[in-house]
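Colleague: If you scroll down you'll find the structure; I have some questions about it.
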Amino acid sequence: MKVICLLKRKPGISAEEFRDYYERHHAPLALRLLPYFSDYRRNYIRHDLAYEPDHIETHPGPPNYDVVMEFSCPTREDHAALMAAMADPEIGRLLAEDEEKFMDRDAM
């Protein structure tokens with residue numbers, strides 16, 4: 001089972017700061033609190049490398065997010081355990097407090 005989230009950085013935080021905080025602080029926190037992943041990826045958007053093929057007349061511009069986060073669970077039981085852990089008020093509080101430091105949580 002795979003879950004995909006589109007995440008955006010807070011205004012005033014550079015793409016580099018966002019990525020650095022996510023990799024050094026938030027990802028290790030998530031791995032510690034939610035040990036049910038078989039795979040946890042962060043696919044960062046490079047806004048400076050826009051894809052604008054010639055055969056498309058109108059380009060929508062860069063996406064309105066900074067990372068495509070995905071995690072996979074090997075079994076339904078692991079996915080259920082992950083969802084239960086995420087619903088735990090204490091785990092939710094710790095994740096939300098950390099996300100407030102660098103993510104635009106209203107855009108999740």
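Colleague: Check which residues have an amide H placed less than 5 Å from D66's amide H, if you skip close sequence neighbours.
Modeller: L7, K8, R9
Colleague: Full extension from A27 to H55: what is 0.36 nm times the residue separation minus their Cα-Cα distance, to one decimal in nm? Mind dumping the intermediate values first?
Modeller: Values: separation 28, 0.36 × 28 = 10.08 nm, distance 3.83 nm.
Residue separation times 0.36 nm, minus the Cα-Cα distance, leaves 6.2 nm.
Colleague: While we're on this one: What accessible area per residue comes out for the chain, rounded to a whole number of Å², with a 1.4 Å probe? Please list the in-between numbers first.
Modeller: Numbers: 7260 Å² over 108 residues.
Averaged over the residues of the chain, the accessible area is 67 Å².
Colleague: If I take R0 = 35 Å and measure r between the Cβ atoms of T75 and A15 in this structure, what FRET efficiency does the formula 1/(1 + (r/R0)^6) give, to the nearest 0.05?
Modeller: Working: r = 35 Å, r/R0 = 1.00.
Result of the calculation: an efficiency of 0.50.
Colleague: Under the 0.36 nm per residue contour assumption, what length would be gained going from the current alpha-carbon distance of N64 and A85 to full extension?
Modeller: 4.7 nm
Colleague: Note down the net charge around G92, summing +1 for each Lys or Arg and -1 for each Asp or Glu among other residues with Cβ under 13 Å from its Cβ. Please report the intermediate quantities before stating the final value.
Modeller: Details: positive: R93, R105; negative: D88, E90, E97, D98, E99, E100.
Neighbour charge sum, excluding G92 itself: -4.
Colleague: Hey, another quick one. Compute the length gained on full extension between E97 and M1: take 0.36 nm times their separation in residues and subtract their Cα-Cα distance, giving the result in nm to one decimal.
Modeller: Details: separation 96, 0.36 × 96 = 34.56 nm, distance 2.65 nm.
Length difference between fully extended and current span is 31.9 nm.
Colleague: Looking at segment 1-86, what % of the alpha carbon pairs are farther apart than 14 Å? Walk me through the numbers before you get to the answer.
Modeller: On the way: 2554 of 3655 pairs.
For segment 1-86, the share of Cα pairs beyond 14 Å comes to 70 percent.
Colleague: Using a 1.4 Å probe over the heavy atoms of the protein chains, calculate the carbon and sulfur portion of the accessible area of the chain as a whole percent. Let's see the in-between values first.
Modeller: On the way: 3770 of 7260 Å².
Roughly 52 percent of what the probe reaches on the chain is carbon or sulfur.
The values are calculated or read from the model by the stated rules, or taken from the named source; none is laboratory data. Predicted model only: the values in this text are computed from it and were never measured. Note: ideal-geometry Cβ built from the backbone for every residue, glycine included; neighbour counts use all protein chains shown. Calculation scope for accessible area: heavy atoms of the full protein, side chains included, ligands and nucleic acids excluded. Shrake-Rupley method; radii C 1.70, N 1.55, O 1.52, S 1.80 Å.
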